[in-house]
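Remarks on the structure that follows.
The values are calculated or read from the model by the stated rules, or taken from the named source; none is laboratory data. Fair warning: this is a prediction, and the values are worked out from it, not measured in the lab. Cβ sites come from the backbone with ideal geometry, for glycine too, and all protein chains shown count toward neighbours. Keep in mind that these areas ignore ligands, DNA and RNA; they rest on the heavy atoms of the full protein, side chains included. Shrake-Rupley method; radii C 1.70, N 1.55, O 1.52, S 1.80 Å.
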Amino acid sequence: MVAPWGVPASGRAGVPVSAGTANPAELLRRSGRGDETAFAELYDATARSLYGLVLSVARDVALAEELTQEVYLHVWRHSARFDPDRGSALGWIMKIAHRAAVERVRD
């Protein structure tokens, strides 16, 4: 995996995520079962938004990069906990990112 502004986790430099990509909820479900390809697709589909959110809170590029990586590690480890009945997958991921960024900035 690389930074969200660089080569996508899947290694397809410069290739946008296609419209045929599975939805984030499905990708989280598959990631929860250990599917690394699904996680790479999830990363490709969400990294720019997540990094942008973290950067807007942290206001420091190095800190935002570090937090983004930590959030994706958390998402990988806890993706099986995602409950689609409680909200969207993107909302779940962004909430984790926002909380992590606010907590770090407060410290």
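A few notes on this one:
- The residue pairs whose first member lies in region 28-46 and is within 12 Å of residue 75 (Cα to Cα), whose second member is among the β-branched types (Val, Ile, Thr) and not in a loop (DSSP other than H, G, I, E, B), and whose beta carbons are closer than 7 Å, counting only pairs six or more residues apart or on different chains, are 46/93.
- Against the conditions (1) aliphatic (A, V, I, L, M); (2) loosely packed, with under 14 Cβ neighbours inside 10 Å; (3) modelled with pLDDT of 50 or more; (4) closer than 17 Å to residue 76 by Cβ, residue 2 satisfies every one except (3).
- The selection criterion, being farther than 19 Å from residue 32 by Cβ and buried (at least 17 other Cβ atoms within 10 Å of the Cβ), holds for residue 53.
- Failed criterion for residue 61 (all others in (1) at pLDDT 95 or above; (2) open to solvent by less than 60 Å² (accessible area, probe 1.4 Å); (3) β-branched (Val, Ile, Thr) hold): (2)
- On inspection, residue 67 does not qualify as among the aliphatic types (A, V, I, L, M) and surrounded by fewer than 18 Cβ atoms within 10 Å (Cβ to Cβ).
- Each residue in region 49-107 was checked for being small (Gly, Ala, Ser) and outside any helix (DSSP H, G or I), and 2 pass.
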